[in-house]
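See below for the structure under consideration.
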């Protein structure tokens with residue numbers, strides 16, 4: 001994978017962790033479940049990352 005791909009993977013992991021910490025509070029804040037826009041944002045970011053990884057992998061084969 002190229003450097004840009006690793007940056008994309010790192011950003012998706014960071015956003016996922018930040019959303020979970022922000023929602024659950026990890027004990028320092030009142031718990032609230034993930035909201036719909038949290039699910040949507042995480043789903044979109046991971047979907048586009050997976051599509052990009054598949055395109056990159058297919059491009060490297062030829």
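Mind listing just one residue for me: the one in the range 30-62 that is part of a loop (DSSP other than H, G, I, E, B) and under 18 Å from the mean Cα position of the chain (by Cα) and, of those, surrounded by the most Cβ atoms within 10 Å (Cβ to Cβ)? Explain how you work it out, then say what you get.
Initially, the range 30-62 is screened for residues part of a loop (DSSP other than H, G, I, E, B), giving 30-35, 62.
Restricting the remaining residues to those that are under 18 Å from the mean Cα position of the chain (by Cα) gives 33-35.
Details: 33: 7, 34: 14, 35: 11.
Among those that are part of a loop (DSSP other than H, G, I, E, B) and under 18 Å from the mean Cα position of the chain (by Cα), it is 34.
Taking the criterion of being part of a loop (DSSP other than H, G, I, E, B), modelled with pLDDT under 80, out of contact with any strand residue (DSSP E or B) (no Cβ under 8 Å at 6 or more places or on another chain) and over 30 Å from residue 59 (Cβ atoms), would at least one residue in the range 9-29 satisfy it? Show your work before the answer.
Initially, the range 9-29 is screened for residues part of a loop (DSSP other than H, G, I, E, B), giving 28-29.
Subsequent filtering for residues that are modelled with pLDDT under 80 retains 28-29.
Remaining after also requiring out of contact with any strand residue (DSSP E or B) (no Cβ under 8 Å at 6 or more places or on another chain): 28-29.
If we keep only those that are over 30 Å from residue 59 (Cβ atoms) as well, we get 28-29.
So far as the range 9-29 goes, yes, one or more of its residues are part of a loop (DSSP other than H, G, I, E, B), modelled with pLDDT under 80, out of contact with any strand residue (DSSP E or B) (no Cβ under 8 Å at 6 or more places or on another chain) and over 30 Å from residue 59 (Cβ atoms).
The values are calculated or read from the model by the stated rules, or taken from the named source; none is laboratory data. Since we're looking at a predicted model, the values are computed, not measured. Neighbour counts run over all protein chains shown; Cβ positions are idealised from the backbone, glycine included.
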